[in-house]
Amino acid sequence: MRGFLYYWKNKGRRRTMLTAYLFIAPVLIYAIAFNFGPMFASLYLSFTRYNMLTPPQFIGLANYVRVLTDDPVFWTSLKNTAQYALEVLPLNIAISLGLALLVNRAVRGIAFFRAVYYLPVVTSIIAVSMIWLWLYDYNIGLINLILEPFRIGPIDWLGDPRLALHSLVIMRVWKGVGWNMVIYLAGLQGIPLYLYEAAEIDGASPWRKFLSITWPSLRPVTIYILIMGTISTFQTFGEIYAMTGGGPLDSTTTVGFLIYQRAFQYYSMGEASTVAFILFGIIFTLSVVNMKFFQGTE
Amino acid sequence: MSYKRHKAFQQVVIYTVLIAVSVVMGAPFLWMVLSSLKPNHELFAYPPVWIPSTLTFEHYINAFRYTDFSRYFLNSFIVTGVTVISNLFFCSLAGYAFARMDFYGKNVIFMALLGTMMIPIHVRLVPLFISVRRFPLAGGNNLFGQGGTGLIDTHLGLMLPHLINIFGVFLMRQFFQSIPQELTDAAKIDGAGEFGTYWRIFLPLSKPALATLSIFVFSGSWDDFLWPLVVTSSRYMRTVQLGLQIFQSQFTVNWGSLMAATLVVTLPVITIFIFGQKYFVQGIATTGLKG
């Protein structure tokens, strides 16, 4: 990188530099005020006791100690979030790749099918929650009504503590697969055709072709999906708030929901910041691990 | 002959699978649309009635008559509209500087900005809320942000965390980098300054990228739930997503109207996706022409 003086000493370069700073100034000021600033403020608050009425009181690592050693709900929420991610991500990857392979062909009406599979993506999580609240309803939900003639149920999809989280997983997978289908579709269309032609000459079976060509070629796409998916599933909030309120018996309390609850229902701003930072650390670590692990296994 | 028959058989299998998957993927959405048009007695009929015997719009009328949904729509359109315009301008302006101008610290600043995309909303939530509440000289606050409610329960407060999305800067920079250098040189020879080049040459060429950014920002702002939940306190400042959730929690039994409201809330995003599709195709065509 060239030194500051390289730009400053030349009249033309100085002019360009100052104009450029002017162009990026709004974004920069905004990022400091609403991204970096809040992050550091949050870090500070995580070491305080703060209820918004009296000034924050510095208490060192007390929040961290309490949350990590004496807060069963935090551990429950962490377990729920991890389980949610561990169910959503593999299902999502398998199904979205399957869909991408299915719609990656030039047949009549394929645009229509792609649009139908994509529709849940453009529907907001709250709208999706509203629809599924009814589908999952114990008495009048469509799913139980459909299952009734088969003598299954009625199933208490959202009211049974052993089942509620899995019900949310099904909904989330339904909502999310269209998005990853599109990403996989772009990845599939980037694989050179001659690889398949060569495999064909060697008499490879379709499954062999998938294992030896398609799946390895899509590795970067899968890593991307895994990282983005981890980040988003670990922040799950909307459907929890709208559908279960974290219940029954905290069985669907996610870390994202817990942070909201602590901050805006109990006004424990310091403790909420502590949980938020622990979440941040987990997301960051998982992203790095995903990247390292999957790039390392070439 | 047997090859032809094999081909035909394959086609049948493919369409069967395509349709079967469509049924699963489309059913919840279809159920919402059909239910919003069903007369009340068919809503909870057993066995379930899919196709309404008569179409009725009473659920739509009720959803708007007995709630503040028209007000929620107004709020959402104001917030989303300003957010989209703000992002289009500021992200493309900064994107231009990062793509086409040379200045000290460019890469470091750019990487730092990209780093902010990693910060989860939950980490920023509490300080954002506090700074909106302590916003100086707003909502009865003094210069030091004391005494009033700041920007809580205002449109500006609703917009604030969305006005600039760093992803947009990244997107615009990527797109601008693909525009040939000759165009910049030509504009410079014609005496255009940096802003003139950006405004008159780069922006008109960037419709596909701007459309993509608009869709991204529009749906992000329109669909947001957590921030409006935190930052509004009166019913008149609610956005549509918040309105849906509250409608559901207050009138649980009124599924027909809830489905009608849900569909209406979803339509703007679907519309903008369909509308944007055209630009996506155009974008591909433009890049094709370029080479």
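The values are calculated or read from the model by the stated rules, or taken from the named source; none is laboratory data. These figures come from a predicted structure and were not determined experimentally. All Cβ positions, even for glycine, are placed from backbone atoms using ideal geometry, and neighbour counts span all protein chains on display. These area figures cover heavy atoms from the full protein model, side chains too; ligands, DNA and RNA do not enter into them. Shrake-Rupley method; radii C 1.70, N 1.55, O 1.52, S 1.80 Å.
Worth pointing out:
- The figure for B:Tyr66 is an accessible area of roughly 150 square angstrom, using a 1.4 Å probe on the protein chains alone.
- Rg and Dmax of the protein assembly as shown, both derived from C-alpha coordinates alone, stand at 26.1, 86 Å.
- In this structure segment A:4-62 gives 60 Å² per residue of accessible area when probed at 1.4 Å with all protein chains present.
- Beyond 17 Å, the tail of the calculated P(r) for segment B:129-173 holds 41 percent of the Cα pairs.
- Excluding ligands, DNA and RNA, the accessible surface per residue across segment B:147-267 is 38 Å² with a 1.4 Å probe.
- Cβ-based net charge around A:Val65, under 15 Å, with every Lys or Arg adding one and every Asp or Glu removing one: -1
- For a straight C-alpha distance cut-off of 20 angstrom, the aspartates and glutamates reachable from B:Lys207 (same-chain residues fewer than eight places away being disregarded) are B:Glu182, B:Glu194.
- Take the accessible area of A alone and of B alone, subtract that of the pair with a 1.4 Å probe, and the total buried over both chains is about 7300 Å².
- Whether chain A is rounded, prolate or oblate, judged on the alpha carbon gyration tensor where a/c under 1.5 counts as rounded: oblate
- When nucleic acids and ligands are ignored and a 1.4 Å probe is applied, A:Tyr21 ends up with an accessible area of around 70 Å².
- Computed on protein heavy atoms with a 1.4 Å probe, the accessible areas place B:Arg173, A:Arg66, B:Arg134 in the order A:Arg66, B:Arg134, B:Arg173, largest first.
- Net charge of neighbours whose Cβ lies under 12 Å from the Cβ of A:Tyr84, counting Lys and Arg as +1 and Asp and Glu as -1: 0
- Counting charges near B:Ser257 (Lys, Arg +1; Asp, Glu -1) among other residues having Cβ under 10 Å from its Cβ returns a value of 0.
- Given a 1.4 Å probe and the protein chains as shown, B:Ser214 ends up with an accessible area of around 20 Å².
- Residues of segment A:233-271 buried by at least 30 Å² of accessible area upon assembly of all protein chains, compared with the chain on its own (1.4 Å probe): A:Gln235, A:Phe237, A:Tyr241, A:Ile259, A:Tyr260, A:Phe264.
- Prolate/oblate/rounded label for segment B:66-290 (Cα gyration tensor, a/c 1.5): oblate
- The mean number of partner chain beta-carbon atoms within 10 angstrom of a residue's beta-carbon across peptide B:207-216 is 0.
- Per-selection Kirkwood Rh - segment A:4-62 (Cα, Å, 1 d.p.): 14.6 Å
- Unsatisfied cross-links (Cα-Cα over 30 Å) in the set A:Lys79/A:Lys175; A:Lys292/B:Lys106; A:Lys175/B:Lys7: A:Lys175/B:Lys7
- Other protein chain C-beta atoms within 10 Å of residue C-beta, averaged over B:97-108: 6.
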